[in-house]
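The values are calculated or read from the model by the stated rules, or taken from the named source; none is laboratory data. Just so we're clear, the structure is a prediction, and the values are computed from it rather than from any experiment. Here the Cβ is made from the backbone with ideal geometry for all residues, glycine too, and neighbour counts use every protein chain on show.
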Amino acid sequence: MSIKKRYKKLAVGGTFDRFHNGHRKLLEEAFNQGEMIVIGVTSDSFGGKKGDIDSCNKRMENLNHFLATKHDNFQISRLDDPFGSTIFEENFDAIVVSEETEPTAHEINKIRKEKGMDPIDVIVISFVNADDGIPISSTRIRKGEIDTKGHLLK
């Protein structure tokens, strides 16, 4: 018996570099809530502002590899801006964001409203902390402070 999901089409986006437990939590929440998950991955030009990150193709490939063993109800697309298709396609019901990207979700709803579209529900998940109580981030992993599970390396 399948469990009825709360939302038909749900958006989630990110850089998804150095795939870590925070990313895992974000995606788990999306799959728990939505029937179809549209995952936006920041493009090289847009995501590259964060520094030394894997190419967009590599990040999309890693994500697909991680999800394909568990799910078949998702599509991965490239994000060239913070909004993706949520400001063009009316049939989104919700977006899952971290505390860090919550303002972007409210900006999406502002744009949707200006275009005469219905707002989407905003589901905010809290950060996943590393062993030191500081949130896990790709930046910290790149610096060699922590691993993808939040264990201290220094």
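Looking across Lys8, Lys25, one residue alone is exposed (fewer than 15 other Cβ atoms within 10 Å of the Cβ) and of a type outside the set (S, T, N, Q). It is Lys8. When segment 39-51 is examined, which residues are found to be part of a loop (DSSP other than H, G, I, E, B) and either modelled with pLDDT of 80 or more or over 17 Å from Thr139 (Cα atoms) (or both)? Scanning segment 39-51 gives a single hit, Ser43. Is there a residue in segment 90-112 that is in contact with a strand residue (DSSP E or B) (Cβ under 7 Å, 6 or more places away or on another chain), without any contact (Cβ under 8 Å) to a residue 40 or more places away in the chain and hydrophobic (A, V, I, L, M, F, W, C)? For segment 90-112, residues in contact with a strand residue (DSSP E or B) (Cβ under 7 Å, 6 or more places away or on another chain), without any contact (Cβ under 8 Å) to a residue 40 or more places away in the chain and hydrophobic (A, V, I, L, M, F, W, C): present.
When residues in segment 30-74 are screened for being touching a strand residue (DSSP E or B) at 6+ places or on another chain (Cβ under 7 Å) and among the acidic types (Asp, Glu), 1 of them pass. The condition of being touching a Phe, Trp or Tyr at 6+ places or on another chain (Cβ under 8 Å) and either of a type in the set (D, E, K, R) or without any contact (Cβ under 8 Å) to a residue 12 or more places away in the chain (or both) holds for only one of Glu61, Glu35, that being Glu35.
Taken over segment 93-127, the residue count meeting the criterion of being assigned to a loop (DSSP other than H, G, I, E, B), surrounded by 13 or more Cβ atoms within 10 Å (Cβ to Cβ), under 19 Å from the mean Cα position of the chain (by Cα) and of a type outside the set (Asp, Glu) is 4.
Tell me whether segment 24-38 contains one or more residues that are under 23 Å from Val122 (Cα atoms), modelled with pLDDT under 90 and outside any loop (DSSP other than H, G, I, E, B). Within segment 24-38, not a single residue is under 23 Å from Val122 (Cα atoms), modelled with pLDDT under 90 and outside any loop (DSSP other than H, G, I, E, B). On the stretch given as segment 128-154, residues that are surrounded by 15 or more Cβ atoms within 10 Å (Cβ to Cβ), part of a loop (DSSP other than H, G, I, E, B) and not hydroxyl-bearing (Ser, Thr, Tyr) total 6.
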